[in-house]
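I have a structure here, written as structure tokens, and I will follow up with some questions on it.
The values are calculated or read from the model by the stated rules, or taken from the named source; none is laboratory data. Worth saying up front: this structure is predicted, and the values here are computed from it rather than measured. Note that we place each Cβ from the backbone using ideal geometry, even for glycine, and neighbour counts take in every protein chain shown.
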Amino acid sequence: MPMSREFQNRLYPHLPEIAAEFGTPFHIYYETEIRATGESLKSEFGWNPGFREFFAVKALPNPSILKIMLEMGFGFDCSSLPEVYMAHQVGAGPDDIMFTSNNTSRHEYESVLANGGCILNLDDISFVSKVPEPFPELICFRYNPGEKRSGGGFIGKPKEAKYGVRHDQIVEAYRLAKNLGAKRFGLHTMIVSNELDFRYFVKTVQMLLALVEKISKELGVQFEFINIGGGIGIPYRPEQEQFNLTGLSRQIEQLFRQFHESHGYTPRLFMESGRYMTGPHGVLVTTAINRMSKYFELVGVDACMSALMRPAVYGAYHQVTVLDGNGQPKDALSNTPLSIVGSLCENWDQFVNQHSANARLLPDIQEGDLVIIHDTGAHGHAMGFQYNGRLRPKELLLCQDGRVVLIRREENIADYLGTLVFEPKVLRL
Ligand SMILES: *Cc1c(COP(=O)(O)O)cnc(C)c1O
């Protein structure tokens, strides 16, 4: 189920007014539901006193959103210096940030530690020697099980993915860190994305707890936390089921209980949900600007893949709702197949492509209609680019108290030109 009934009822009647005030296109996020999803995570995993969500900043990197996360007690999963910087700017402390980077330079580690600090999550055994001195007291490694697990989505099969420490290196990695002075340990993995089957994550916890047991035994250390990463899926298609969070929680609780019985302590459970936290709670609102008839029927809207790459890049399905001028959804489907396209000079630039796997029947769309593209609250705006000079749109927040707030303006030509150098730095050879 894409956009919830509640979000639709809250938004649609006001959308013509919001569009008139701010101008389309824009992403709009719904604070009430972001908080409700966050609270449901906290209450489902309340049995683990140290449970914490580290919101994956890359999914929706906007300080207004990050503040909401921090208010709920969440930390941040960051993978670049700018993301760490933004997290610190909204008030995150060093314990609130997991730096889950990959292919990281020594300089990058120095920068993130110098700029307020964070928990380092090392992606490779060789990175131990890239960590600046003094070696942090708390250290984490990202584990890749290789052939032991299937996986996929955008991450690839574990064995073919570029992430994480190999199984046969993992004990050695912790040994090296311990010898350099680490005293507190965490274990991380992320091997799947947009996964709707909760049992996959149960297996991941099982795998991590077994590994914690093995490493603890060999090195005589305890683990402060395990982090199962992100990757909890959302149903983009209306016929897909919601992720069973309760099922996940119950089964993980069992595993933690067994672990406690054997080892006398329980690690904290961390996760880094991005998509699950914000994905369904945002939509891209566009206006139909052209109704065209070529070798097929198409509607041009005023946004393009710079606002949402997923359909173009992955052929991803995003539900579409069309509103008439009064904010009423058009329910009746037209028998004529329609594609919804942007204006980039790139044929993949289609939100609905009737020649692809995301084809479906749509209501009739006329020039001036508002066309709403669902589930853009994560990996939407953030993935956009400036290719072809088609700039990224604004972002709005529909707040709990009913205000609609501009939280990012649209890009302009000055932004587009901003990095160009008109008095070039020259190296003469
Ligand atoms: C992208 C990413 C996440 C978030 O993934 P979602 O699919 O949005 O939940 C979490 N952790 C790491 C390390 C990531 O790269």
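Can you tell me how many residues in region 161-179 are part of a helix (DSSP H, G or I) and either within 16 Å of the ligand (Cβ to nearest atom) or aromatic (F, W, Y) (or both)? Step through it out loud before you land on a result.
From region 161-179, those part of a helix (DSSP H, G or I) are 167-179; that's our starting set.
Filter again for either within 16 Å of the ligand (Cβ to nearest atom) or aromatic (F, W, Y) (or both), leaving 174.
Of the residues in region 161-179, 1 are part of a helix (DSSP H, G or I) and either within 16 Å of the ligand (Cβ to nearest atom) or aromatic (F, W, Y) (or both).
As an exercise: evaluate D197 against (1) touching a residue at least 40 places away in the same chain (Cβ under 8 Å); (2) out of contact with any strand residue (DSSP E or B) (no Cβ under 8 Å at 6 or more places or on another chain) and give the number of the one condition it does not meet.
Checking D197 against (1) touching a residue at least 40 places away in the same chain (Cβ under 8 Å); (2) out of contact with any strand residue (DSSP E or B) (no Cβ under 8 Å at 6 or more places or on another chain), the one that fails is (1).
May I pose another question? Tell me, which residue of region 180-193 that is assigned to a strand (DSSP E or B) and more than 16 Å from the ligand (Cβ to nearest atom) is surrounded by the most Cβ atoms within 10 Å (Cβ to Cβ)? Walk me through how you get there before you give the answer.
Residues of region 180-193 assigned to a strand (DSSP E or B): 184-189.
Next, from what is left, pick out any that are more than 16 Å from the ligand (Cβ to nearest atom): 184-185.
Details: R184: 15, F185: 23.
If we take residues in region 180-193 being assigned to a strand (DSSP E or B) and more than 16 Å from the ligand (Cβ to nearest atom), then F185 is surrounded by the most Cβ atoms within 10 Å (Cβ to Cβ).
N121 - would you say it is assigned by the TED database to the domain that holds F185, within 16 Å of the ligand (Cβ to nearest atom) and in a loop (DSSP other than H, G, I, E, B)?
no
Moving on to the next point. Considering region 200-255 alone, what residues qualify as being farther than 25 Å from G377 by Cβ, among the hydrophobic types (A, V, I, L, M, F, W, C) and in a loop (DSSP other than H, G, I, E, B)?
V221
Only residues that are buried (at least 19 other Cβ atoms within 10 Å of the Cβ) and not aromatic (F, W, Y): list them for region 38-57, please.
Those that are buried (at least 19 other Cβ atoms within 10 Å of the Cβ) and not aromatic (F, W, Y): G38, L41, R52, E53, A56, V57.
Any residue in region 346-362 that's closer than 16 Å to D302 by Cα and assigned by the TED database to the domain that holds E239: show its pairings with residues that are charged (D, E, K, R) and in a loop (DSSP other than H, G, I, E, B) at Cβ separation under 9 Å, as long as the two are six or more apart or on different chains.
Close Cβ pairs (under 9 Å, with a partner that is charged (D, E, K, R) and in a loop (DSSP other than H, G, I, E, B)) do not exist here.
From the list I228, I232, which residue is under 21 Å from D124 (Cβ atoms) and in the same structural domain as E53 (by the TED database)?
After ruling out the rest, the residue left standing is I228.
Now for a separate question. From the residues in region 256-271 that are assigned to a helix (DSSP H, G or I) and not hydroxyl-bearing (S, T, Y), which one is surrounded by the fewest Cβ atoms within 10 Å (Cβ to Cβ)?
Once the filter is applied, the top-ranked residue is E261.
On to the next question. Report, by residue number, each residue of region 12-36 that is assigned to a helix (DSSP H, G or I) and over 23 Å from the mean Cα position of the chain (by Cα).
Matches in region 12-36: Y12, P13, H14, L15, P16, E17, I18, A19, A20, E21, F22.
Next question. Can you find, within region 82-118, the residue that is farthest from the chain's Cα centre (by Cα) among those that are touching a residue at least 24 places away in the same chain (Cβ under 8 Å), surrounded by fewer than 18 Cβ atoms within 10 Å (Cβ to Cβ) and assigned to a helix (DSSP H, G or I)?
Applying the filter and picking the extreme gives R106.
Name every residue in region 194-208 that is closer than 18 Å to F225 by Cβ and more than 13 Å from the ligand (Cβ to nearest atom), in order of residue number. Break it down stepwise before answering.
Of region 194-208, the ones closer than 18 Å to F225 by Cβ are 201-202, 204-208.
Listed by number, the residues that qualify are V202, V205, Q206, M207, L208.
Select from region 347-366 the residues that are of a type in the set (D, E, K, R) and more than 18 Å from P238 (Cα to Cα) and list them in ascending order.
D349, D364, listed by residue number.
Turning to a different aspect of this structure: Would you please name the residue that is nearest to the ligand (Cβ to nearest atom), looking only at residues in region 124-144 that are surrounded by fewer than 21 Cβ atoms within 10 Å (Cβ to Cβ) and more than 14 Å from K178 (Cα to Cα)?
Among those residues, the one meeting the criterion is D124.
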